[in-house]
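Everything on this sheet refers to the single structure shown next.
The values are calculated or read from the model by the stated rules, or taken from the named source; none is laboratory data. None of these values were measured; they are calculated from a predicted model. For neighbour counting, all protein chains shown are included, and Cβ atoms are generated from backbone atoms with ideal geometry for every residue, glycine included. The accessibility values were calculated without ligands, DNA or RNA, using every heavy atom of the protein model including side chains. Shrake-Rupley method; radii C 1.70, N 1.55, O 1.52, S 1.80 Å.
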Amino acid sequence: MTLSTVILAAGQGTRMKSGLPKVLHQLLGKPMAWYALQAVRELTTEKPVMVVGFGADEVQKALGDQAEYVLQEQLLGTGHAVMQAEPLVGGKSEMLLVIYADMPLLTGETLGKLVGKAQSQVAPVTLLTVTTDETRGFGRILRDASGQVSGIVEEAQATPEQLKIRELNPGVYCFRTNWLWPALRRIQLSPKGEYYLTDLVGLAVEDGYKIASLSVDDPSEVIGINTRLHLSQAEALLRKRANEQWMLAGVTMIDPNSTYIEPGVTVGQDTILWPGTYLRGQTSVGANCIIGPNTIITDTRVGDHCTLLASVLECAVLEDHVEMGPYCHLRKGAYLSRGVHMGNFGEVKNSTLGPGTKMGHFSYMGDAQVGPDVNIGAGTITCNFDGTQKFPTEIGEGAFIGSDTMLVAPVKIGAGAKTGAGAVVTKDIPAHSLAVGVPARVIKEF
Ligand code: UD1
Ligand code: CA
C-alpha cells in the first residue's frame, strides 16, 4: 500500500523558554526535526510533508529540501495541523503516517513495524503505545472491558482514575486516508480551544472500527522533548546509542560518556578515542588512530594511523601517519600529507605540508605550499597578510627553515635552501643556498 508521511512541527514549544522554534534546538549537532526526517526516510519514496508554523522560515531554511512544507497559520492543535497537509498529500497515498517532530529517538525500525501492522489490518487507525511510569504529560490510552482501544484522553482532561493509566500515547499514528480526511472535519474543538488529532481514535470507534495498536519495546524511543531538561536527556541517549554502535563496530572509547560523535561521522576499526573527543559534521577518521584526549575535529578527513592530541581541526585533510599536538590548530584548507609531524602550538591554514615535513614548535603556516621533508624551525611564521591582502609562500623539498624565521609573503624558498635563526625573508631564496639576517641575504651556496 502506498504511504505518505506528515511531520508536525508548527508548535512554538513555549516550555523551551526560547526564541528558537523548538524543533530547531540541536541534538548531536542536528536540529530536532532532522531526526524525524531520518526516521521516516526508509519507509517511502514520497517526500515527507512537514507542517510548520512558529518560525516557519527558519525551520524551512534549516532543513531545506529534505521535506515539503505546509504552513499552519494558526496553531489550532494537532488535528488542525494534519488538515493543513491535505492539499499536498490528500489523494496521493492509501496510508498516512503522522509523527511529531519533537521525538528525536524514534527509530525507522519502530515506524516500519507500525506501518506493517497498519497494512495488515482493516482498522483506519493504527497507533503506537508505550507503557511507562514516566508519564511526561502524555495522553492516556483508554481501553474497554474487552481490552480494545476505545479512545485517548489528554492529561489535562483526564479524570483522576484515567490519570492512573500507564499506557500512554507517544503520538505516532498510521491512518487509512480514505477514512482520515473526512474524519478530520468531524473533530470538535477541545476545552483548550484546539482540534486534537487524538480525538480521531474515539471517532473511529464510533464508526464501528477496531483500533489497531503496537506497543513500543523501548520507552526511551518515544521521549518527547518539551523542556531543555528533556533535550539534555535525549541528547545523552542519542550519544549513548551512537557510541555503542561505534564500539560494536571496533572503535575503542576510553570513556563513552565524554565522547561525542555526530551523525554522519565515520570512524575506522581499532581507532582509540580518549575522553573529550568531539567528532563533528562531515568528519571521517581512519583506522588505527589515537584521538584525544581533548580533541575537536569538524568537517575533516583523517587518514589511518594518525595520532592527534589535544588539538582543534576544521575543514582539513590529513593523510596517513600524521602526528599532531598537543595544542595544534588546523583551519580551513589545511592539507597534511603522509607522515607530517606537528608539535605543540602549530597553526596551519589554507596550506599543504608535504610528506614527512616537520613543524615541531610554535609555527604558523598560512597560504603556503610546503614540499616534502621540510624542517620548519621553532617559531617560524608566514607573514601572509599585509593588512589588506593575503600572499602565498612556497617552500621547496628538503628546505631547512631556521628558528624564528619570518617569511614575508609573497616569497619562495628553493629546494634544499636554509635560513638562519631569526632571518626575515623578504625576497626569494634560490635552491641550495643559505640566507641569514634582517632582511635575509644569501651568504652561501651548496
Ligand atoms: C500530544 C498529544 C498527546 C501525546 C503527546 C506526545 C494531541 C492532542 N496530544 O500532546 O496525546 O501524548 O503529544 O508527545 O495530539 N503541533 C503543530 N500544530 C499545532 C499543535 C502542535 O504542528 O497546532 C506540533 C508541535 O510542533 C509538536 C507536536 O505537534 O511537534 C505535538 O504538539 P505538542 O503541543 O507538543 O502536543 P502535546 O501536548 O505534547
Ligand atoms: Ca509534546
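Taken over the stretch 1-31, the criterion of being of a type in the set (A, V, I, L, M) and either in contact (Cβ under 8 Å) with a residue 40 or more places away in the chain or buried (at least 20 other Cβ atoms within 10 Å of the Cβ) (or both) is satisfied by Met1, Leu3, Val6, Ile7, Leu8, Ala9, Ala10, Met16, Val23, Leu24, Leu27, Leu28.
Within the stretch 359-374, residues that are touching a residue at least 12 places away in the same chain (Cβ under 8 Å) sit with their Cβ atoms under 6 Å from residues that are open to solvent by 10 Å² or more (accessible area, probe 1.4 Å) and hydroxyl-bearing (Ser, Thr, Tyr), at 6+ positions apart or across chains, in these pairs: Gln369/Thr352. When the criteria are applied in full, Leu88 fails the requirement of being within 16 Å of ligand 2 (Cβ to nearest atom), outside any strand (DSSP E or B) and not small (Gly, Ala, Ser). Scanning the stretch 380-411 for residues that are crowded, with 18+ Cβ neighbours inside 10 Å, in contact with a strand residue (DSSP E or B) (Cβ under 9 Å, 6 or more places away or on another chain) and assigned to a loop (DSSP other than H, G, I, E, B) gives Thr380, Asn384, Gly396, Gly398, Ala399, Gly402, Asp404, Thr405, Ala409.
For Gly292, the test of being on the phi > 0 side of the Ramachandran plot, open to solvent by less than 50 Å² (accessible area, probe 1.4 Å) and out of contact with any Pro (no Cβ under 6 Å at 6 or more places or on another chain) is passed.
Select, from Leu180, Leu231, the only residue that is within 14 Å of ligand 2 (Cβ to nearest atom), open to solvent by less than 30 Å² (accessible area, probe 1.4 Å) and in contact (Cβ under 8 Å) with a residue 12 or more places away in the chain.
On the way: Leu180 fails: within 14 Å of ligand 2 (Cβ to nearest atom).
Within the list Leu180, Leu231, the selection yields Leu231.
Of the residues making up the stretch 80-120, those that are more than 21 Å from Gln60 (Cα to Cα), buried (at least 16 other Cβ atoms within 10 Å of the Cβ) and more than 29 Å from the chain's Cα centre (by Cα) number 4.
When the test is whether a residue is assigned to a strand (DSSP E or B), among the charged types (D, E, K, R) and under 17 Å from Met365 (Cβ atoms), Lys444 does not pass it.
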